[in-house]
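Values in this text are rule-based calculations from the coordinates and carry no lab data. Every value quoted in this text rests on a predicted model; they were computed, and no experiment measured them.
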Amino acid sequence: MPSRLNDQRILVTGGCGFIGSALVRLLIRSTAATVVNVDKLTYAGNPDSLLEVKDDPRHHFECVDICDPVALRDVFARHDPTSVVHLAAESHVDRSIDGPADFINTNVLGSFALLEAARRHYLTLPEHAREAFRFVHVSTDEVYGSVAFPARFTEDSPYRPSSPYSASKAASDHLARAWFRTYELPVIVTNCSNNYGPFQFPEKLIPLVIGNAIAGRTLPVYGRGENVRDWLFVDDHARGLLLALQRGAPGSTYVFGGAGERRNIDVVREVCRLVDELVPDDSMGPRESLIQLVEDRPGHDLRYAVDATAARRDLAWSPEVSFESGLRRTVRWYLENEWWSARIRAGTYQGERLGLAVGR
């Protein structure tokens with residue numbers, strides 16, 4: 001990893017979440033940086049994802065809500081971060097359909113509070129520290145809406161969000177860019193395609209299907225399963241964020257994609273095949289027989305696809321994990337770490353269907 005990170009104090013918001021924990025683990029494992037992990041510990045924030053680094057003296061955890069400006073000022077004052085990577089967000093489309101208020105509060109107002117805390121901190125830094133400071137704002141390709149084949153999203157694609165989640169992330173992207181243009185806060189915006197891998201909250205498609213297939217439960221697929229997503233292994237994304245922190249130009253945007261476009265139905269079938277191979281169970285037959293097409297999600301975008309040319313060119317980044325090998329690694333991880341999912345299913349999420357927008 002880049003030596004430039006070794007003497008930094010990097011404040012990571014949402015560091016107990018899926019992507020955030022992957023970044024924190026990578027920073028601790030691969031650099032000498034100190035990591036200040038700011039997380040509110042909502043349902044999706046899981047300290048079990050950071051057992052590997054829990055006792056590392058370079059990992060400092062702060063249970064703080066990014067919507068609390070007083071608490072944020074205290075964190076900045078005590079830890080004096082040299083950079084910020086902002087991942088804290090409400091992130092599940094289905095939940096945003098059922099309850100959009102939390103998404104507006106955290107993703108929009110929380111991002112505003114964090115930008116302001118970072119701006120005030122930035123103004124106190126000496127000139128050399130300002131030159132090195134970066135604020136990496138992490139977003140999603142969902143802000144661009146659906147794209148027709150064969151086109152792909154780029155950094156210049158227009159914003160057309162379809163869900164309360166993607167609209168809230170689009171708003172936060174615009175705030176981040178405005179803080180660069182108006183206040184000269186050295187902001188970098190990144191947008192990524194669908195992440196997957198170990199430690200992902202089990203309401204998302206791939207871990208939900210893995211867990212249900214292992215247990216012999218129904219495998220719900222929205223609509224006809226024709227929706228296409230570009231899948232990116234989470235560790236590849238974490239690497240991209242480090243490179244953006246090291247090499248990214250303030251004011252720039254970079255999109256990260258895994259070059260792994262798949263229809264949802266094909267992803268589910270491949271998970272079934274892998275579970276059949278790794279944990280065969282003749283009593284239930286092929287897991288593919290568990291697939292059930294269900295009512296589609298309201299406003300469901302048909303296709304996402306990412307052109308990561310700029311990240312390849314400017315950051316020397318490219319995905320290293322193919323979808324086939326990444327999915328196998330992911331299925332194996334969930335098989336070997338059933339305790340991790342079991343704790344969640346025993347508490348905050350039992351596999352129920354979300355996003356039906358009842359009464360709409």
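Between residue 154 and residue 41, full extension at 0.36 nm per residue minus the direct alpha carbon distance yields a gain of 37.4 nm.
Proximity of backbone amide H atoms, modeled 1.01 Å from N, is registered between residue 222 and 294 at under 5 Å, excluding neighbours fewer than 5 places apart on the same chain.
The amide H of residue 195, built 1.01 Å from its N in the peptide plane, has 232 as neighbours under 5 Å, considering only residues 5 or more places off or on other chains. Taken one residue at a time, the phi angles of region 176-188 give Karplus couplings (6.51, -1.76, 1.60, θ = phi - 60°) of 4, 5, 5, 5, 6, 6, 8, 10, 6, 5, x, 8, 10 Hz. Gly and Pro are set to x.
What does the helix-only formula give at 222 nm for the chain: each DSSP H stretch with n ≥ 4 adding -39500 (n - 2.57), the total divided by the residues, and the result rounded to the nearest 500 deg cm²/dmol? Spell out each step's value before the answer.
Values: 13 runs with 143 residues, N = 360.
So the helix-based figure for the chain works out to -12000 deg cm²/dmol.
Shape class for region 1-83, computed from the alpha carbon gyration tensor (a ≥ b ≥ c): oblate, with a/c not under 1.5 and a/b at or below b/c.
Backbone geometry of region 326-333 corresponds, through the Karplus equation with coefficients 6.51, -1.76 and 1.60 at θ = phi - 60°, to 3J(HN,Hα) couplings of x, 5, 4, 4, 5, 4, 4, 4 Hz, x marking Gly and Pro. The DSSP beta bridges internal to the chain are antiparallel in roughly 10% of cases.
Rounded to the nearest Hz, the phi-derived 3J(HN,Hα) couplings of region 115-121 under the Karplus curve 6.51 cos²θ - 1.76 cosθ + 1.60 (θ = phi - 60°) are 4, 5, 5, 5, 5, 5, 5, where x marks glycine and proline.
For residue 38, the residues whose modelled amide H falls within less than 5 Å of its own, excluding neighbours fewer than 5 places apart on the same chain, are 12, 13, 14, 15, 62.
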